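One structure is given below, encoded as structure tokens.
Each reported figure results from applying straightforward, stated rules to the coordinates on display, with no laboratory input. Computed from a predicted structure; not experimentally measured. Cβ placement follows ideal geometry from the backbone for every residue including glycine, while neighbour counts extend to all protein chains displayed.
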Amino acid sequence: MALSWALAVLSLLPLLEAQSPECANLTATPITNATLDQLSGKWFYIASAFRNPEFNESSRTIQAAFFYFHINYTEDKILLREYLTIGNQCVYNSSYLNVQRENGSLSKHEFGKEQVGYLLLTKDPRTFMLAFSLKDEQNMGLSFYTDKPQATQEQMREFHEAITCMGMQKSEIMYSDEKQDVCGPLEKEHQEENQKENKGS
């Protein structure tokens, strides 16, 4: 499933800072172990805006989504476990992301090729964004994640400022609705299975 990781190549971030004050936070920096510590755990998909037709269509099918990052520091990989609510049904996916520490990017093989995107950390450690194809007006996009099912007004303000910085409109944003989530029972089932495995090991 595409939602979180339909990433395209990004090369314009350093230039964005000069365009307007709200762009100051849109900088991809090298990924360190501290960065990975911050990313480890459970996250909720809050909103996104995609101009790439394929990514846009995929995102529109998502009613709600949350996922877990499990970090492998030595191999620079992240195990991604996604719980997506689509058509009032829960869809579970598990895959690996590759971490490129030097340029602050994550990559995953999807849509028949290696998709690469850049991690954008905000001032709030409880949120992060992923930017897509900012150099290409026809395919640019931005997605937003928090560690709670609902974002605060301040957190949303940062996301909206980033959208404005990119030259996109708020009307292009698609929002998730955690009230439509139906993946809770499957998540609980997986948690119980993990607990049994841990007790047995």
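The alpha-carbon of residue 196 sits under 17 angstrom from the alpha-carbons of these aspartates and glutamates, leaving out residues fewer than 8 places away in its chain: 187.
Qualifying GluC sites (Glu not before Pro) in the range 34-80, where qualification requires a DSSP coil assignment and no more than 16 other C-beta atoms within 10 Å, comprise 75.
Shown for the range 29-148: lysine pairs separated by 8 or more places, or found on different chains, whose C-alpha atoms are under 25 Å apart, numbering 13. The Cα center of the range 78-113 and the Cα center of the range 123-170 differ in position by 18 Å. One chain, two ends: residue 37 and residue 135. Fully extended at 0.36 nm per residue, the span grows by 32.3 nm beyond their Cα-Cα distance.
What the Cβ-Cβ distance of residue 150 and residue 81 gives, at R0 = 35 Å and to the nearest 0.05, is a FRET efficiency of 0.95.
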